[in-house]
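The structure under discussion appears below in the form of structure tokens.
The values are calculated or read from the model by the stated rules, or taken from the named source; none is laboratory data. Keep in mind that this is a model prediction, so the values were computed, not measured. With ideal geometry, Cβ positions are generated from the backbone for all residues, glycine too; neighbour counts draw on all protein chains shown.
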């Protein structure tokens, strides 16, 4: 039987790849936390899903930094939406992503939010970029605020 993997070994710099693996192992796949401050970003994705451990509903938004020395880094904005306060915070953040009042979201249940989120995500991705502020609250949790909206041409 032919070992097809020998072909891969011959086509790459095996010694260099082994060094890359060793370096990656030292970092354990961890990224340094983004420093607090303002970042120019574009929305990458947005969805309603369950938290991994507790299975509670959560809005997740992922932004990519598009300018400055942190270009390419991702910012993850997650908000559990189980209580009235949590839902209010989540909806306020989502609605801060568009300046047009006719393109806002309302909470009329989780199924309706799930249904409305995909077209809203597409609208936001196709029309806007942002300056987002990353800060900490009194409990040392990250908080995110849209400071500026740029309409795309």
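Here are a few things to note about the model shown:
- Verdict on residue 54 being touching a strand residue (DSSP E or B) at 6+ places or on another chain (Cβ under 9 Å) and in a strand (DSSP E or B): no
- Test result for residue 71, within 20 Å of residue 37 (Cα to Cα) and assigned to a strand (DSSP E or B): no
- Top-ranked residue of segment 104-117 - restricted to ones that are part of a helix (DSSP H, G or I) and without any contact (Cβ under 8 Å) to a residue 60 or more places away in the chain, ranked as surrounded by the fewest Cβ atoms within 10 Å (Cβ to Cβ): 111
- Selection within segment 134-150 - free of Cβ contacts under 8 Å to residues at least 12 places away in the same chain and either loosely packed, with under 10 Cβ neighbours inside 10 Å or over 17 Å from the mean Cα position of the chain (by Cα) (or both): 137, 138, 139, 140, 141
- The set of residues in segment 80-98 that are touching a residue at least 40 places away in the same chain (Cβ under 8 Å) and not in a helix (DSSP H, G or I) comprises 96, 97, 98.
- Any chance residue 77 is at pLDDT 95 or above and either surrounded by fewer than 10 Cβ atoms within 10 Å (Cβ to Cβ) or part of a helix (DSSP H, G or I) (or both): no
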